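Everything below concerns the one structure shown next.
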Amino acid sequence: MTKIRSLVLTFFVAGSLALGQDQSPDTEPILSYSFETTLVSKFMWRGQRLTDGWNLQPAGTVGVKGFSVNLWGKFDLQAVSEGDTYFLRDNPDAPVGRENNGLRGKFGEVDLTFSYARELGDVAIEAGTITYILPYNLESCPSTTEIFGAFSLDSVPLAPAARLNIDIDESRERGKTGVYLELGASHSVALPGGRLKSIDLSGTLGIANSGFARYCYESDEAGFHDVGISASVPLEIGRGWSSQLFLGYSSLLGKYRDYQYVNLPALYRGTAGSPSSYADTVWGGVTFTFEP
């Protein structure tokens, strides 16, 4: 019921925004769609290194007049993560006689997002819901849903942006609603000629409340959670295809550094460092996008 209420709330808010639009003819196509896939060296989420190995992240989006549905997945390419019943061979508790490759070759996470976006003058706004599903970890980490609101202002220097995510499901079950705020800025540096037209730079600062910390870490810490910077080079391929090379750096801040997940195979082998030694991450990859 909580997930249903969240979807109703999303479309109620989105519909209210839509009613305020000008009724002038719109020359944009009513239906839009796009597909993309990203090959990335590590799976990062809000400064946390959740998968310490290569993974593939396909996604597809269908939109109608500002409303859109996005399905995203994380396909593990290396044996570095476990499910509730999918162990790694380095785990001393791994059952004998099984392949024990953890989540390698499986979709370790699937996310479903419903959203509405529009522009109000120079400000782009978006609101919606996102449901996180870990198919092989449903016992240890049940699916949860967040509502979110975001804005960006590209017409001023550094293009400030903000996004607020509020968990309305599992964190509330654990006693306190989880809230995460991300502040961002970006800048594009033009390149002369050729298909490489720019280098896009961005930075983010994440702030978490105690409900978020309790849900993610079983802690009551609140404050600045993570910081990140990234650089990307977009490339137009043609016929609706484009690609982007990117490199990023993320760091957990303060006491959150002590809650970083460690590399599981190294942990089982007894060669892993402290959690804080994994709290700084350099990662990168490439994205291919098709949008007609």
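Here, each number is a calculation from the coordinates, and none is a lab measurement. Since this is a predicted model, take the numbers as computed values, not measurements. Ideal geometry is used to build each Cβ from the backbone, glycine not excepted, and the neighbour counts take in all protein chains shown.
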>> For the chain, what does the helix formula give at 222 nm: sum of -39500 (n - 2.57) over DSSP H segments with n ≥ 4, over the residue count, nearest 500 deg cm²/dmol?
In response: -3500 deg cm²/dmol
>> For a quick check: with amide H placed at 1.01 Å from N, whose amide H comes under 5 Å from residue 261's, ignoring anything fewer than 5 positions away on the same chain?
In response: 49
> Give or take rounding to whole Å, what are the principal axis extents of the alpha carbon atoms in segment 78-178, in descending order?
Replying inline: 62, 32, 20
> Given R₀ = 30 Å, FRET efficiency for residue 85-residue 153 by Cβ-Cβ distance, to 0.05?
Replying inline: 0.05
> Which entry in (i) -0.39, -1.44; (ii) -0.49, -1.16; (iii) -0.32, -1.11 is this structure's computed log10 I(q)/I(0) by the Debye sum over Cα atoms at q = 0.08, 0.15 Å⁻¹?
Replying inline: (i)
>> Which one, 41, 92, 147, is farthest towards the positive end of the dipole of segment 37-171 when Lys and Arg carry +1 and Asp and Glu -1 on their Cβ?
In response: 41
> To the nearest 20 debye, what is the magnitude of the charge dipole of the chain about its Cα centre, counting +1 on the Cβ of each Lys and Arg and -1 on the Cβ of each Asp and Glu?
Replying inline: 340 debye
>> From the C-alpha coordinates alone, can you work out the Kirkwood hydrodynamic radius of segment 172-292, in Å?
In response: 17.0 Å
> What are the ³J(HN,Hα) values, in whole Hz, obtained from phi via the Karplus relation 6.51 cos²θ - 1.76 cosθ + 1.60 with θ = phi - 60°, for each residue of segment 59-71 in sequence order, with x given for Gly and Pro?
Replying inline: 8, x, 10, 10, x, 9, 6, x, 8, 8, 10, 10, 10
